[in-house]
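What follows draws every value from the coordinates through simple rules; no lab data is involved. Not measured: the values here are computed from a predicted model. Positions of Cβ are generated from backbone atoms using ideal geometry, with glycine treated the same way; all protein chains shown enter the neighbour counts.
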Amino acid sequence: MSQRLRGWGVAAVAAAIATALPAAQYRTLDDHFAPPAVTTRAAWERRPASLREHVRASAGLLPPPDQIPLRPEIFGEIRLPSRSLTASRRPEAGR
């Protein structure tokens, strides 16, 4: 393709590419999407699991990260008649 486009200007190359490739459909916040049509009970019961998987994948939690024990270190405590406050921190992962 580069041999065919040699000597063309930038605008001509962009126009050639635009006609060769289909127009991209980008999603925006103004788009409206219809919810999927669920017709059977079995499909309806599978929907929550697929939504959970979609949310986890979108949040970057698939595969799930390794869980490490928290082991908080309590280094201070204040007791008042109506409430109590505890200061703690989680040690670094390498400790």
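Do we find a residue being among the aromatic types (Phe, Trp, Tyr) and either touching a Lys or Arg at 6+ places or on another chain (Cβ under 8 Å) or not in a loop (DSSP other than H, G, I, E, B) (or both) anywhere in region 29-41?
For region 29-41, residues among the aromatic types (Phe, Trp, Tyr) and either touching a Lys or Arg at 6+ places or on another chain (Cβ under 8 Å) or not in a loop (DSSP other than H, G, I, E, B) (or both): absent.
Scan region 52-79 for residues that are surrounded by 10 or more Cβ atoms within 10 Å (Cβ to Cβ), over 13 Å from the mean Cα position of the chain (by Cα) and in a loop (DSSP other than H, G, I, E, B) and jot them down.
Once the filter is applied, which keeps residues that are surrounded by 10 or more Cβ atoms within 10 Å (Cβ to Cβ), over 13 Å from the mean Cα position of the chain (by Cα) and in a loop (DSSP other than H, G, I, E, B), region 52-79 yields only 72.
Within region 22-51, count every residue that is surrounded by fewer than 10 Cβ atoms within 10 Å (Cβ to Cβ) and of a type in the set (A, V, I, L, M, F, W, C).
8
What tally of residues in region 80-95 results from selecting those that are surrounded by fewer than 10 Cβ atoms within 10 Å (Cβ to Cβ) and among the polar types (S, T, N, Q)?
2
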